[in-house]
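K.L.:
Structure below; questions to follow.
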Protein chains: 2
Amino acid sequence: MPLDPSRTVAELRELRELTGDENGAQRVCWTETWVRAKDWMAEKLAGHPLELEVDEAGNQWWTLRGRSGRELVLGGHLDSVPHGGWLDGCLNVVAGSEVLRRLADEGEPPVTVRLVSWADEEGARFGRSLFGSSAAAGSIADQDELRARRDADGVALPDALAAHGVDLDRAGEARGQLENAVAYLELHIEQGPVLESLDLPLGVVLGTFGVERHQVTFRGQAAHAGSTPIDKRRDALAGAARLELEIREIAKRTGGGAVCTMGGVVTRPGIVTSVVETAECLLDQRHLDPGALASMLADAKDASERFAREEDIEVEWERIWNIEPILFDDALIELADEAIREVAGTSHRLPSGPLHDAAEVARAGVPTVMLFVQSLRGLSHTKLEDTRAEHIELAVEALDRLTTKTLERLA
Amino acid sequence: MPLDPSRTVAELRELRELTGDENGAQRVCWTETWVRAKDWMAEKLAGHPLELEVDEAGNQWWTLRGRSGRELVLGGHLDSVPHGGWLDGCLNVVAGSEVLRRLADEGEPPVTVRLVSWADEEGARFGRSLFGSSAAAGSIADQDELRARRDADGVALPDALAAHGVDLDRAGEARGQLENAVAYLELHIEQGPVLESLDLPLGVVLGTFGVERHQVTFRGQAAHAGSTPIDKRRDALAGAARLELEIREIAKRTGGGAVCTMGGVVTRPGIVTSVVETAECLLDQRHLDPGALASMLADAKDASERFAREEDIEVEWERIWNIEPILFDDALIELADEAIREVAGTSHRLPSGPLHDAAEVARAGVPTVMLFVQSLRGLSHTKLEDTRAEHIELAVEALDRLTTKTLERLA
């Protein structure tokens, strides 16, 4: 069976019909709709010389044995956020299945090739993303912390997993799955506007951004909006406003795809008759280079302290979360670039702002690369998420060529 | 009985003991504690040749008949916010009672002198401030709107008033009370930091600010904080931040005591992983000059529209409330200035940011002036509100002299 990229588009549409509704994709992990998607995928790959297994973390693996026990892994995730898009995650499971069928029909490959559908990439139900891939990568979070999590209906995470045959205490045993992996390839929609703005269908991903996430709290003095002269105010909102504008400048002068976002501000007392006493700001900063990320953080702290001095207010920083940048494999980046150029004429290298299962696999030491295909209007996590059919077909072709090039290199 | 300003301080302290607790003053209108304050005040004035009556709006009036039926009125309010300060409102009722006792002991004055304790200046329980004075001024709000109001426990406003002998349908009949008034004097704490910063005990108030209150909503586009480059964002918070900083410049260049306040911002979706889609800002602008107020509003609108264009977002303005500036009487301002200079050496003229009962009386056409006494740290509506005892005594003396000067002028 030769590669048929148009079949991938047809199958993705079929999956959308099967597991979506008028509000979008509903393949939330640890639900019946997700199980329906898994069963559907298994059916699509039935009848080929593949071994199917589900590991201790609920990840679904198809294995095409090769002449060597070393393994090339293609991975994606069937789960979605509620009211999600039709492509986020499942694109690479379906595209990977097309590549796997093509390889299976050509006989024994030089190395073993596996396709994995990771469990709970989104963390939509329990707020813990990258569950399956982090279990396989050996970096699963504190089990006690996971044990305490409940969904919106009060169902405990261990109970929800158990209903799907997963024992939280044994999920970490999935780490055996990556023992022989020597390359990991993942195709994903970009979820951003860069490729569309460059009018390019495909790009190769250099790695995932490091993230620094803080709550920055400015504290001034509540005072009557009518009786307090402007020059006597200690307005916490002025600190927040200046920081909001400054972080853009910090990102621009840092360059290299740097982004800084103030995603929210909470003002107290927050009434029209009072100067703002406290302004709590949510700050997210991302960069692919650890030094640049650290310096963006230092610059934002310095600026906030200067604003606090000048406004006669106080500022306090509290880290919410952070993760280091994860770089993909140089050799695989070169191969991905070649594959994209062959199918689309031009390639483009870009970092990934969002995290992906590929980041967990790369952290585990497996040489990794990702391909991005253009997202229309940069939208994702909404039913409006879309990618042109011809771009999906080019993406399947690029993934197929990248797989072939990687196999040749490993052989 | 000669004027004894130290007695005013002692009586204010007595009232604090009687009607406050560890959280501050609790003389909320239409409560038992407020009744206790009213009864206490009536007792303090008993035994003097005064007529006491309560009008249809619940205002308490003491009348000292003079040789003429024309009336000079001194006014304040015994009610406070919950957990309020010991001086806000009751200062002038207690200081006025000292002046009234002094006058009563001196025999029949040239014109009639009255002291009024206005009902529900604060509107703390039902959110409608200046209730009693607006009833007397003939500018009481829509009765149907008042009828629908309920307190936090679900008690309807008409029922609460009825429990204190006030029939909402007849409250407007209180307007007869100001028919013969030819001057209105009110002493109040400043509730702001201006006099303290000038190291002055007393000031004369030029009028109350006009107020323009709006909700300004900026609308951009929610977008992934990791995957959306800075130059591709439509960040609603950037519009809000720029407006917050711009309104200060508008107030500064307008001068004349102009104030502009962004009292709160609500950001949506308001999460750390998304660019802000909508930012709803509460804007309050105040000035004593109607032209200056209108131009501050126009400047803020223009600026917001420029920011919206430059940030590729939208902006929408919705008026919450407004009131025109209310100017006090020039001749009374001169007399007040003289009185203050005589007791304190130096006077200072300043506008009032907060509204007061005096504004309602002035709107009704009665020549009006107010005296402000210094507030420590500009604080009010909190148990931390305070004024030095020696400043309270100076204030009583200034009010007494102003009353004498006004009587001389009217005679």
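What follows draws every value from the coordinates through simple rules; no lab data is involved. Treat the numbers as computed from the prediction; the structure is a model and nothing was measured. Here the Cβ positions follow ideal geometry from the backbone for every residue, glycine too, while neighbour counts run over all protein chains shown.
K.L.:
Hey, what D do you get for region A:169-302 in µm²/s if you plug the Kirkwood alpha-carbon radius into Stokes-Einstein at 10 °C and 1.306 mPa s?
P.N.:
Taking Rh from Cα pairs, D becomes 86 µm²/s.
K.L.:
If you fit an axis through the alpha-carbon atoms of helix A:389-410 and take the longest principal axis of the Cα set of chain A, what angle between them do you get, 0 to 90°, nearest 10?
P.N.:
70 degrees
K.L.:
Then there's this: Charges at C-beta only: +1 for Lys and Arg, -1 for Asp and Glu. How large is the resulting dipole of the protein assembly as shown about its Cα centre, in Debye rounded to 20?
P.N.:
The dipole of the protein assembly as shown has a size of about 700 debye.
K.L.:
Further question: Distance between the C-alpha centers of region B:259-273 and region B:79-118? Whole Å please.
P.N.:
That distance is 43 Å.
K.L.:
Roughly how far apart, in whole Å, are the Cα centres of region A:188-244 and region B:353-411?
P.N.:
45 Å
K.L.:
Taking every pair of alpha-carbon atoms in region B:1-155, what share in percent sits in each 10 Å bin, from 0 to the bin with the longest distance?
P.N.:
Cα pair-distance distribution for region B:1-155, in percent: 11, 39, 33, 14, 3.
K.L.:
Moving on to the next point. For the protein assembly as shown, just the Cα set please: Rg and Dmax, both in angstrom.
P.N.:
Both quantities, over Cα of the protein assembly as shown: 36.1, 121 Å.
K.L.:
OK, next. Which of B:307, B:328, B:209 moves the most in a Gaussian network model of chain B with Cα springs under 10 Å?
P.N.:
B:307
K.L.:
Right, another one. Among A:358, A:158, A:115, whose Cα projects farthest towards the positive end of the dipole of chain A, with charges put on the beta-carbon of Lys, Arg (+1) and Asp, Glu (-1)?
P.N.:
Positive-end residue among those listed: A:358.
K.L.:
Let me ask something additional. Can you compute the charge dipole magnitude of chain A about its Cα centre, using +1 on each Lys and Arg Cβ and -1 on each Asp and Glu Cβ, nothing else charged? Give it in debye, rounded to the nearest 20.
P.N.:
My answer is approximately 540 debye.
K.L.:
With everything on Cα atoms, drop me the angle between helix B:90-105 and the longest principal axis of chain B, reported from 0 to 90° to the nearest 10.
P.N.:
That helix lies at roughly 20 degrees to the long axis.
K.L.:
Here's another thing I want to ask about it. Place the label 7 angstrom along Cα→C-beta at residue A:47 and in each other copy, then list the distances from the first to the rest in nm, shortest first.
P.N.:
Result for residue A:47, in nm, nearest copy first: 10.9.
K.L.:
For chain A, rounded, prolate or oblate, judged on the Cα gyration tensor with a ≥ b ≥ c (square roots of eigenvalues), a/c < 1.5 rounded, else prolate if a/b > b/c?
P.N.:
Taking the square roots of the gyration eigenvalues as a ≥ b ≥ c, chain A is prolate.
K.L.:
Please give the Cα centre distance for region B:5-74 versus region A:1-15, rounded to the nearest Å.
P.N.:
86 Å
K.L.:
Give me the inter-chain shielding for B:266-273: mean count of other chain Cβ atoms within 10 Å, whole number please.
P.N.:
6
K.L.:
Hey, which of these cross-link pairs are over 28 Å Cα-Cα: A:38/A:383; A:232/B:383; A:232/B:38; A:232/B:44?
P.N.:
The answer is A:232/B:38; A:232/B:44.
K.L.:
Given contacts defined as C-alpha pairs under 8 Å and at least six residues apart, what's the relative contact order of region A:306-411, whole-number percent?
P.N.:
Over region A:306-411, the number comes to 29 percent.
K.L.:
GluC sites (Glu not before Pro) within region A:111-204: which are DSSP loop residues with at most 14 other Cβ atoms inside 10 Å?
P.N.:
Hits after loop and neighbour filter: A:179.
K.L.:
Next up: Distances from residue B:312 to the same position in the other copies: list them in nm, one decimal, shortest first, using label points 7 Å from Cα along Cα→Cβ.
P.N.:
The answer, with the shortest distance listed first, is 4.0 nm.
K.L.:
On to the next question. Place the label 7 angstrom along Cα→C-beta at residue A:155 and in each other copy, then list the distances from the first to the rest in nm, shortest first.
P.N.:
The answer, with the shortest distance listed first, is 4.8 nm.
K.L.:
For region B:210-323, with the dipole built from +1 on Lys and Arg beta-carbon atoms and -1 on Asp and Glu ones, taken about the Cα centre, which of B:214, B:297, B:255 lies farthest toward the positive end?
P.N.:
The residue sitting most towards the positive pole is B:255.
K.L.:
Further, regarding this structure: Using the count of nearby Cβ atoms within 10 Å as a rough guide to exposure, how do A:116, A:182 rank from fewest to most?
P.N.:
Neighbour counts put them in this order, fewest first: A:182, A:116.
K.L.:
Using a 10 Å cut-off on Cβ to Cβ distances, tally the other chain neighbours for every residue of B:278-287 and report the average as a whole number.
P.N.:
3
K.L.:
May I ask you to derive the FRET efficiency for residue A:314 and residue A:167 from their Cβ-Cβ distance with R0 = 35 Å, giving the value to the nearest 0.05?
P.N.:
About 0.10, to the nearest 0.05.
K.L.:
Residue farthest toward the positive end of the dipole of chain A, with Cβ of Lys/Arg at +1 and Asp/Glu at -1: which of A:181, A:387, A:313?
P.N.:
The residue sitting farthest along the positive end of the dipole is A:313.
K.L.:
Sticking with the crude label model, points 7 Å out along Cα→Cβ, report the distance from residue B:348 to residue A:388 in nm, one decimal please.
P.N.:
Calculated label separation equals 6.9 nm.
K.L.:
What FRET efficiency do you get for residue A:334 and residue A:295 if R0 is 35 Å and r is their Cβ-Cβ distance, rounded to the nearest 0.05?
P.N.:
The computed FRET efficiency comes out at 0.75.
K.L.:
For region A:210-323, what's the relative contact order in percent, using C-alpha pairs closer than 8 Å and at least 6 residues apart?
P.N.:
This gives 44 percent for region A:210-323.
K.L.:
So, in nm, how far is label residue A:197 from label residue A:271 when the simple model puts each one 7 Å beyond its Cα toward the Cβ?
P.N.:
Placing both labels 7 Å along Cα→Cβ, they lie 4.3 nm apart.
K.L.:
Say R0 is 35 Å: what FRET efficiency, to the nearest 0.05, do residue A:14 and residue A:252 get from their beta-carbon distance?
P.N.:
The calculated FRET efficiency here is 0.20.
K.L.:
Helix A:290-311 versus the longest principal axis of chain A: what angle, 0 to 90°, nearest 10, using Cα atoms?
P.N.:
That helix lies at roughly 20 degrees to the long axis.
K.L.:
To the nearest 20 debye, what charge dipole does region A:210-323 have about its Cα centre, counting +1 at the Cβ of each Lys and Arg and -1 at the Cβ of each Asp and Glu?
P.N.:
140 debye
K.L.:
May I pose another question? Any idea what the relative contact order of chain B is, in percent, if you count C-alpha pairs under 8 Å spaced at least 6 apart?
P.N.:
Answer for chain B is 22 percent.
K.L.:
Using only atoms on other chains, find how many Cβ atoms lie within 10 Å of each Cβ of peptide B:242-252 and report the average.
P.N.:
Mean partner-chain Cβ count within 10 Å for B:242-252: 3.
K.L.:
What is the residue of chain B with the smallest Cβ distance to the axis taking B onto A, and what is that distance in whole Å?
P.N.:
Residue and rounded Å distance to the axis: B:241, 2.
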